[in-house]
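Working notes, beginning with the structure itself.
Any read-out appearing in this document is the output of simple, stated calculations on the displayed coordinates, not a laboratory observation. All of these numbers come straight from a predicted model, not from anything done at the bench. When we count neighbours, we look across all protein chains shown, and the Cβ atoms used for this are built from the backbone with ideal geometry, even at glycine.
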Amino acid sequence: MEQALEILRKTFGYDDFRHNQADIIQTLLAGNDALALMPTGGGKSLCYQIPAICRPGTGIIISPLIALMQDQVDALKQLGISCAFINSTLDRESQREIERALANDELDLLYIAPERLLNEYTLSLLERCQIALFAIDEAHCVSQWGHDFRPEYQRLSLLHQRFSHVPRIALTATADETTRNEIISQLDLHQASTFISSFDRENLCYQIVEGHKGRDQLWQFLEKEHPHDAGIVYCLSRKKVEQVAEWLSGKGRVALPYHAGLSDSLRQQHQKRFLREEEVIIVATIAFGMGIDKPDVRFVAHLSLPKSIEAYYQETGRAGRDGLPANTWMNYGLQDVISLRQMMQSSEAADTYKRVSMQKLEAMLGLCESAVCRRQTVLAYFGETLTEACGNCDNCLSPPELWDASEAAQKALSCVYRSGQRFGVNYLINILRGKLDERIQAHGHDLLSTFGIGADDSMQHWRTLYRQLIALGYLEVDPEGYGALRLTEKCRPLLRGETGLKLRRQRMADKSTGRRKRRQTAEILDEDQPLFSDLRSLRKEFADAQGVPPYVIFHDTTLAAIAQHRPGDTAALLDIPGIGQHKLEHYGERVIEVVRDHIMSA
Ligand code: ADP
Ligand code: ZN
């Protein structure tokens with residue numbers, strides 16, 4: 001372990017292990033198998049990189065994310081680690097060269113796509129080499145039920161049969177127990193020690209806002225919190241992706257669309273710009289994100305409702321991998337709730353699947369309408385208990401007001417009942433507000449006892465209430481009836497006055513969230529900002545010269561620490577997190593020059 005700690009400090013430039021890193025590394029060094037569950041940004045890579053360097057031979061990393069391998073290898077080379085990758089993007093000659101290096105035991109790490117690993121040629125090549133360990137990254141890909149299923153992953157248990165003496169580690173950021181058990185059985189990891197870290201992403205601030213005009217609300221959020229940051233905006237459809245990207249561009253932001261309808265080359269180009277330039281916003285369908293390793297995504301915004309808390313957690317989780325504060329923001333409204341409910345109810349899928357999807361949606365809607373700490377709700381969903389409210393979500397920062405909605409709900413529900421459970425929200429609200437139009441008269445609904453009983457409240461008030469009643473399962477949407485609402489069993493006690501109903505009051509769109517109580521990492525102070533910007537420019541210069549993304553050179557956390565501590569010479573730079581020997585030698589002098597210039601001119 002001493003050697004491992006030394007590598008952590010000298011090569012990676014970090015002081016201490018975090019989460020379960022030390023225990024996991026020790027397990028592998030002892031030659032045993034491990035299963036590591038850690039949230040995104042938790043630091044999974046070090047868990048196999050360090051033991052691969054310590055142990056004799058090459059560490060083989062199996063990953064389905066081919067697009068990522070180049071960046072991973074570039075980043076390791078920046079640290080002076082000898083590594084390579086093998087996937088379908090390589091030409092014959094480069095592949096031969098890598099095989100030669102492998103056979104000569106020149107590589108500490110080799111990244112390889114599963115289909116490449118599994119062909120007989122590669123397997124027998126590996127049998128002739130010394131292997132330090134196998135790391136199976138994104139191990140949840142073995143699960144047939146997940147959306148990242150890769151059939152080749154199910155064949156990886158053969159590693160255990162053919163290389164029984166080589167320790168294996170499987171890693172994933174997927175939290176649920178079913179997936180975990182599937183990984184263990186499919187990969188034959190029954191003997192492995194399991195390490196589960198907390199899934200709390202402390203540096204993420206969660207915010208869920210309701211109401212229409214989602215775009216305008218998004219703009220306010222961006223102006224206020226992220227005028228110059230890179231981030232992701234998720235939309236449900238391709239069309240909306242295009243519209244929102246164009247609209248943001250019109251407002252002066254660099255916003256690029258990403259969805260399955262674009263050509264491969266355009267998609268790649270947009271992804272590359274997102275990774276290599278600063279301040280780029282990607283507007284995407286949820287197809288975008290898996291395998292995006294960009295550490296300094298400062299916000300993830302949703303203009304549509306994810307279908308489950310898992311999806312919400314995963315998608316928001318793409319923000320703030322570097323551990324610096326990041327925001328997650330979501331807007332949803334009545335229409336989202338109606339369409340999602342309708343989509344699920346009319347789906348052709350098998351009953352069990354449908355039931356499970358419905359339950360997942362219920363939980364997601366519950367999270368939206370909830371008035372308690374968002375983080376507590378999300379973690380509880382994954383079976384984790386957070387004893388105190390987090391102080392870093394909208395509900396904690398400005399607790400929503402609750403109002404007694406019992407009577408209003410009774411009016412809204414009986415209006416549905418009396419008009420025959422055949423109408424959609426707008427029509428129902430017209431009855432409640434006593435609007436005498438032709439359609440209402442034709443149906444004789446102006447004679448209903450509920451006609452006009454809600455005239456004192458606004459259209460918006462009733463829309464919010466209906467949304468909440470649908471979200472909370474008091475009303476269901478008729479799959480064939482053009483959005484017609486029907487009562488569910490849950491209504492009875494409420495209609496009979498046996499129970500009451502308290503709901504969160506609609507927040508005004510522009511009401512800002514309060515001051516953050518808990519900040520995990522220091523923000524960059526105003527006075528350090530100029531130096532930080534200059535360091536960023538220097539970083540860009542280094543990156544462009546080598547054709548790699550800026551974060552491969554230094555993370556923002558590293559630049560922020562330099563701007564704050566202002567090291568006076570290269571030796572002092574070694575105390576900055578993320579600077580090890582190799583980076584010191586390559587960039588130290590130039591960095592210190594920039595710092596000195598600032599101190600002189602101050
Ligand atoms: P994951 O794969 O779990 O999403 P990574 O391995 O990419 O996470 O690590 C996330 C970030 O945390 C990286 O920038 C990494 O360098 C950093 N990191 C990992 N371990 C440590 C540590 N012990 N101390 C400081 N930073 C760390
Ligand atoms: Zn909270």
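Across the range 126-211 the C-alpha pair distances fall into 10 Å bins from zero in the proportions 14, 42, 26, 12, 5, 1, 0 percent.
Charge dipole (Cα centre; +1 on Lys/Arg Cβ, -1 on Asp/Glu Cβ; no other charges) of the chain amounts to roughly 1740 debye.
For the chain, excluding the exposed loop sites themselves (GluC sites (Glu not before Pro), DSSP loop, at most 10 other Cβ atoms within 10 Å), the longest remaining stretch covers 1-347. Restricting the chymotrypsin sites (Phe, Trp or Tyr not before Pro) of the range 141-239 to loop positions (DSSP other than H, G, I, E, B) with no more than 14 neighbouring Cβ atoms within 10 Å leaves TRP145, PHE149. Treating r as the C-beta distance of GLU589 and ARG355 and R0 as 56 Å, the FRET efficiency rounds to 0.35.
The range 568-599 and the range 4-47 have Cα centres spaced 25 Å apart. What separates the Cα centres of the range 451-503 and the range 89-145 is a distance of 57 Å. Comparing Cα centroids, the range 215-245 and the range 261-302 end up 13 angstrom apart. Comparing SER197, ALA311, PRO151 along the charge dipole axis of the chain, the residue lying farthest to the positive side is ALA311, per the Cβ-charge model.
Per the Debye calculation on the range 402-504 with a single equal scatterer at every Cα and no solvent contribution, log₁₀ I(q)/I(0) for q = 0.13, 0.20, 0.22 Å⁻¹ amounts to -0.41, -1.00, -1.21.
For the range 2-196, the square roots of the Cα gyration tensor eigenvalues, ordered a ≥ b ≥ c, give a/c below 1.5, which places it in the rounded category.
Using C-alpha pairs below 8 Å separated by at least 6 residues, the relative contact order for the chain is 15 percent. Dividing the C-alpha radius of gyration of the chain by 2.2 N^0.38 Å, with N its residue count, gives 1.09.
When Rg and the Kirkwood radius Rh are both evaluated on Cα atoms of the range 204-397, their ratio Rg/Rh stands at 0.96.
Label separation (PHE532 vs ALA572): 2.0 nm, computed from points 7 Å beyond Cα along the C-beta direction. At q = 0.10, 0.12, 0.22 Å⁻¹ the log10 of I(q)/I(0) for the range 259-368 amounts to -0.36, -0.52, -1.21, computed by Debye summation with a single uniform scatterer per C-alpha, solvent ignored.
Fully extending the segment from ASN32 to ARG155 would add 42.2 nm, taking 0.36 nm per residue of separation and subtracting the current Cα-Cα distance.
For SER124 and ARG100, the FRET efficiency from 1/(1 + (r/R0)^6), where r spans their Cβ atoms and R0 equals 25 Å, is about 0.95. Would you calculate the separation in nanometres between label points at ASP404 and LYS307, each defined as 7 Å from the Cα along the Cα-to-beta-carbon direction? Those two pseudo-labels are separated by 4.1 nm.
Taking 0.36 nm per residue of separation and subtracting the Cα-Cα distance, full extension of the segment from LEU266 to LYS213 would add 16.1 nm. Here the sum of -39500 (n - 2.57) over DSSP H runs of 4 or more residues, divided by the residues of the chain, equals -13000 deg cm²/dmol at 222 nm, to the nearest 500. Compactness of the range 526-601 is given as radius of gyration and Dmax, 11.3, 32 Å, from Cα positions. Applying both filters, DSSP loop and at most 14 other Cβ atoms within 10 Å, to the chymotrypsin sites (Phe, Trp or Tyr not before Pro) of the range 269-352 eliminates every site. Full extension of the segment from ILE599 to GLU348, taken as 0.36 nm per residue of separation minus the current Cα-Cα distance, would add 83.7 nm. Looking at the range 189-256, the trypsin sites (Lys or Arg not before Pro) that sit in a DSSP loop and have at most 15 other Cβ atoms within 10 Å of their own Cβ are LYS213, LYS251.
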